[in-house]
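The values are calculated or read from the model by the stated rules, or taken from the named source; none is laboratory data. None of the values given here were measured: they were computed from a predicted structure. Here the Cβ positions follow ideal geometry from the backbone for every residue, glycine too, while neighbour counts run over all protein chains shown.
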């Protein structure tokens, strides 16, 4: 029983983080636009899409609906961020501080993606097992 409660609390905490990320993307899209790769058409639209995706994943986790799909899609999106945003930023960083910031962002998204994969692996056809 205690393990169940701890697992649910962890998922709710992740959901809160995703909602905050999503809210920030929607409320401050210009601040996030610098992270959209220049070669990706759509520009600021992607900032809104990502913000909505974060919020939808959180809602799926909170209400225990479409959890497996939401978790896999969240993990995929975060892995794409690592490969298309953070890794290039790390490789192209001019100074030590920028390189360190890019590495921290890379590791953060990698850890969140791993947590999302863990959630996806813990789900059965009726939702979360815990």
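Summary table
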item	result
Test: residue in region 72-81 that is assigned to a helix (DSSP H, G or I), touching a helix residue (DSSP H, G or I) at 6+ places or on another chain (Cβ under 7 Å), under 21 Å from residue 118 (Cβ atoms) and modelled with pLDDT under 95	yes
Boolean, residue 126 is surrounded by 18 or more Cβ atoms within 10 Å (Cβ to Cβ) and at pLDDT below 95	no
Residue in region 75-84 that is under 15 Å from the mean Cα position of the chain (by Cα), under 20 Å from residue 8 (Cβ atoms) and surrounded by fewer than 17 Cβ atoms within 10 Å (Cβ to Cβ) present	no
Per-region count, region 18-72, residues surrounded by 13 or more Cβ atoms within 10 Å (Cβ to Cβ) and over 17 Å from the mean Cα position of the chain (by Cα)	1
Top-ranked residue in region 8-40 [being out of contact with any helix residue (DSSP H, G or I) (no Cβ under 9 Å at 6 or more places or on another chain) and assigned to a helix (DSSP H, G or I); ranked as modelled with the lowest pLDDT]	34
Single match in 119, 62 (criterion: in contact (Cβ under 8 Å) with a residue 24 or more places away in the chain and either in a loop (DSSP other than H, G, I, E, B) or touching a strand residue (DSSP E or B) at 6+ places or on another chain (Cβ under 9 Å) (or both))	119
Tally of residues being over 13 Å from the mean Cα position of the chain (by Cα), loosely packed, with under 13 Cβ neighbours inside 10 Å and more than 15 Å from residue 73 (Cα to Cα) across region 91-123	8
In region 41-58, the residues that are without any contact (Cβ under 8 Å) to a residue 12 or more places away in the chain and either closer than 19 Å to residue 123 by Cα or assigned to a loop (DSSP other than H, G, I, E, B) (or both)	41, 42, 43
